[in-house]
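Everything on this sheet refers to the single structure shown next.
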Amino acid sequence: MKYYYSDGEESYNSYDDDDSENYSSSVEDDAMDEDESCQSDGDDVGGDVVSDNDDDMPQAAERNDKGYIFETEADVRKRQDEVTASVSELLSVPWGLAAVFLRHCRWDAERLENEWFADERRVREAVGLTAEQGDAATSVNDRPLTCAICFDVHSAGEMISAGCAHYYCRECWGGYIHAAVGDGARCLVLRCPDPSCGAPVTRELVREVFAAGEDDDDDRARYEAFVVRSYVEEGTSKYVRWCPGPGCTLAVRAEPGSAPYEVACCKCRHVFCFRCGEEAHRPASCGTAREWVTKNSSDGENDNWVVANTKHCPSCRVAIEKNQGCNHMTCAAPCLHQFCWICLGAWSEHGGNYYHCNRYVAHAPENAREEERREHAKASLERYIHFYERWAAHGSSMKKAREDLERLEGGALAGFAEANGVSQAELGCLEEALALIMESRRVLRWTYPFVYYMDPVRDGKKIELCEHIQGEAEDSLEKLHKCVESEWDELKVTAAAPGAEFDAATAAVFAAAFKEYMLKLFVLNTATRNHLKMLVEGFESGLPEFEGTL
């Protein structure tokens, strides 16, 4: 079955065919009740100030002092329905058509109002409405008709149209919409099945078609999920976005006048940049982070490796990697040129008195340029690998710290605390340390792309200072991470196992060791936090004292 979409929707291309897998497949109005009062634990740092005229926040979403709030899908849907109802009343059109008009204007009610009263006919034509159709979002047949898809005759009241003159039975409508929903978010720009008709398929029509049976629940829920996500992802507002954490369905809304930068989701704990929606990357800018990720996923460094580790056949210029010890090279067919790997000269000239690879020849013009290019590529590759390895290492360590923290929060400390007579509050310092390690690893991770894109010649002094601050922070962090991992494991060896009992002397020895450990952990926590603060302030300030120096 073919299905027809709008040709004039500006926001159509914002979805890919495969994007549907990233969206929730079910929408429940009462889902995540436990998350409706979530608040952020993230840091509030500098960023672009965002604002909006809409100050009304849903009752379920509570404000916090971080400059943003979290909203469930139900909260977002409530906002969407409220603005749709308002526009429906203002323009005196059905609720479903009001949603179609709003989506055409990227859910900007003010823009729609201006365009509507400036040229109503143009807005209607843009979404596929004709003057003959009027304002009907759906219509039911008043006499027996033949369905143009299945060719069965149906009685009056058994067929539906999208407000136009083309009526189809509910079964065919269901199959048509099912196929479109399976195709992804483009189902939001679905049109009448008749190729000559551009009448939009509204939410009212979808709900009426899917109202009959439980077999359609998945399609209905999936369609509604696309609708609510469209409100955020296709909207013009820059102060609301979905949490990009895997499987997370919370939205983050910046409060008017606030300046959020990094956001820590209260449900999935994913930390991301509010500006670009990618993984949190302070102190690197969004542009630097985007360029670095692109570089890591591109073939640029593969090309550098080829240049650094291969030579070109002097005859056909194909890149060749030397995989044996002999320097007598033979190019692959059909070239079959034989040459010397050392000097790239023809092998026929390397016999008897003609062998001269051992002799230094100054200013050999035929090889100097290629050797220079190879050395430059090798240096560039080695520099990239240096920064990439450290960036990746911090990411790996951060992932391990997250796993350790989740394990502790899952109750791993409960048995230890009970067996050794310590409180959960005392052990909270350990969880705090792991959270700090995660944050420090994340920040230090992105200092490497920050420095990588500096000019080694122009920014030499800046690079030296950045590396000094970076080194101090890493030294402090490594001491803390060692304390949390290996030294904690050593302490647990002397502790009582769950269900076991200590004698008085052993308990006293453990108590002294535990007190000493917690004091050391507190000191390292404080030092690491201070170094992290200094690092962020130094990197984000741009080190102005070194501007213009070499």
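At a glance:
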| quantity | calculated |
| --- | --- |
| Residue-count net charge about residue 524 - beta-carbon cut-off 14 Å; Lys, Arg +1, Asp, Glu -1 | -4 |
| Simple spin-label estimate for residue 122 and residue 90 in nanometres, 7 Å along Cα-Cβ | 1.8 |
| Calculated FRET efficiency for the pair residue 326/residue 493, C-beta based, R₀ 35 Å, to 0.05 | 0.05 |
| Difference of contour (0.36 nm per residue) and Cα-Cα distance, residue 348 to residue 211 | 40.9 nm |
| Residues residue 150 and residue 111, FRET efficiency given R0 of 41 Å [Cβ-Cβ distance, rounded to 0.05] | 0.50 |
| Proximal charge balance of residue 141 [Cβ under 14 Å; K/R count +1, D/E count -1] | -2 |
| Too-long pairs where the Cα-Cα distance tops 30 Å, listed order kept, from 78/399; 462/533; 399/533; 461/520; 479/515; 78/400 | 78/399; 461/520; 78/400 |
| Estimated FRET transfer efficiency (residue 165, residue 295; beta-carbon r; R0 60 Å; 0.05) | 0.60 |
| Inter-site label distance for residue 131 and residue 375 at 7 Å from Cα along Cβ, in nm | 7.8 |
| Residue 513 paired with residue 393, simple spin-label distance in nm, labels 7 Å along Cα-to-beta-carbon | 3.0 |
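None of the figures in this text is laboratory data; all of them are computed from the coordinates on show. Quantities reported herein were computed from a predicted structural model and do not represent experimental measurements. Positions of Cβ are backbone-derived with ideal geometry, glycine not excepted, and every protein chain shown enters the neighbour counts.
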